[in-house]
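Heads up, the thing below is written out as structure tokens.
The values are calculated or read from the model by the stated rules, or taken from the named source; none is laboratory data. Note that the coordinates shown come from a computational prediction; the quantities given were computed from them, not determined experimentally. Methodologically, a virtual Cβ is constructed for each residue, glycine included, from the backbone with ideal geometry; neighbour enumeration extends over all protein chains shown.
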Amino acid sequence: MKWEGNRESDNVEDRRSDGGGGGGGGFGGGRSIGLGTIAIALVASYFFGISPTTVLSLLSGGPVSQPQSQQAPNPNRSAQPEDRQTKFVRTVLADTEDVWTQIFRANGKTYPPPKLVLFSGATQTACGTGQTASGPFYCPGDRKVYIDLSFYQLMQQRFHVSGEFAQAYVIAHEVGHHVQNLMGIMDKVNSAERQMSKAQANAMSVRLELQADCLAGVWAFHANQARSILEQGDVEGALNAATAIGDDALQKQEQGYVVPDSFTHGTSAQRVHWFKQGVSSGEVKSCNTFEVKAL
């Protein structure tokens, strides 16, 4: 992926020197939306002997509620060095800002970009206490994307997924959730889920996550058109990431069989399909996962 020398975003809040956030367990104050929750649950089972089902149960929350009080960042914390990975994250975020600003403007709307929070261990969010074990996530309560950069190491070590574009896909997916929030899709989904059974709500979550995959593809399409960011093998790397963290692939690894009613993010094939849908069309309207019968 060609990104060095491109604009870096100022919408990054670095909390890695804050010491791990405050108390509280998991996301008690609301539901965060993340690409990596199931993946990290499997990693927890691998390294710590904890059942992924247990981890997912702890990490899953109810519908988004009113934001909780957020712990104020420490203004006196020491700044983290601007290493290559930090610069990369800032650059990818800037690229999403440029693409979505243009798309929203073309539709007569304004795009307020999310802030991206770098943290280590745990941090306070409007959705409760965010923890490394949740993987990268988006909190609609404060419109922020949260990521512990150690997730990228886990991607490579556990799932053998490497490459900077695969890492960019992770950020673009979470920004896709921000776009869904701005479009009112999240509110509609949350309202609908309150009236549904657990299996039906899971199916609705799958559609939400697959749409975010597609929106990540839309970003890649426009970013490549404007700045020629893609190199040979980049899209394949992102598809490998989508494949590795499909619900079916993770459940097969953990328990040897799949339980479709428990899927919350979509199968490997579905995640690949919808990312390819976005990256090939470049159109938001092609990402309407809620009106198709077969995903």
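So which residues in region 114-160 are of a type in the set (A, V, I, L, M) and under 16 Å from the mean Cα position of the chain (by Cα)? Hits for region 114-160 are Leu116, Val117, Leu118, Ala133, Val145, Ile147, Leu149, Leu154, Met155. For region 123-155, the set of residues classified as touching a helix residue (DSSP H, G or I) at 6+ places or on another chain (Cβ under 7 Å), surrounded by fewer than 23 Cβ atoms within 10 Å (Cβ to Cβ) and aliphatic (A, V, I, L, M) consists of Ala133, Leu149, Leu154, listed by residue number.
Of the residues making up region 273-295, those that are modelled with pLDDT under 90 and aliphatic (A, V, I, L, M) are Ala294, Leu295.
Set side by side, the residues Thr101, Thr129 differ, and just one is of a type in the set (Ser, Thr, Tyr) and part of a helix (DSSP H, G or I), which is Thr101. Residues in region 179-202 that are of a type in the set (A, V, I, L, M), over 24 Å from Phe104 (Cβ atoms) and part of a loop (DSSP other than H, G, I, E, B): Met196 alone. Number of residues in region 142-178 that are of a type in the set (A, V, I, L, M, F, W, C) and not in a helix (DSSP H, G or I) equals 4. Contact annotation: residue pairs with Cβ atoms under 8 Å, 6 or more positions apart or on different chains, pairing a residue in region 98-126 that is farther than 16 Å from Val12 by Cα and in contact (Cβ under 8 Å) with a residue 40 or more places away in the chain with a partner that is of a type in the set (Gly, Ala, Ser) and part of a helix (DSSP H, G or I), are Val99/Ala223; Val99/Ala226. Selection of region 162-176 for residues being surrounded by fewer than 24 Cβ atoms within 10 Å (Cβ to Cβ) and touching a Ser or Thr at 6+ places or on another chain (Cβ under 9 Å) yields only Ile171. Ser197 satisfies every condition listed in (1) surrounded by fewer than 20 Cβ atoms within 10 Å (Cβ to Cβ); (2) of a type outside the set (Phe, Trp, Tyr); (3) modelled with pLDDT under 90 except (3). Looking only at residues of region 261-295 that are of a type in the set (Ser, Thr, Tyr) and in contact (Cβ under 8 Å) with a residue 24 or more places away in the chain, we find that the one that is farthest from His222 (Cα to Cα) is Ser262. Of all residues in region 226-259, those satisfying the criterion of being at pLDDT 80 or above, more than 22 Å from the chain's Cα centre (by Cα) and either among the polar types (S, T, N, Q) or surrounded by 20 or more Cβ atoms within 10 Å (Cβ to Cβ) (or both) are Ser228, Gln232.
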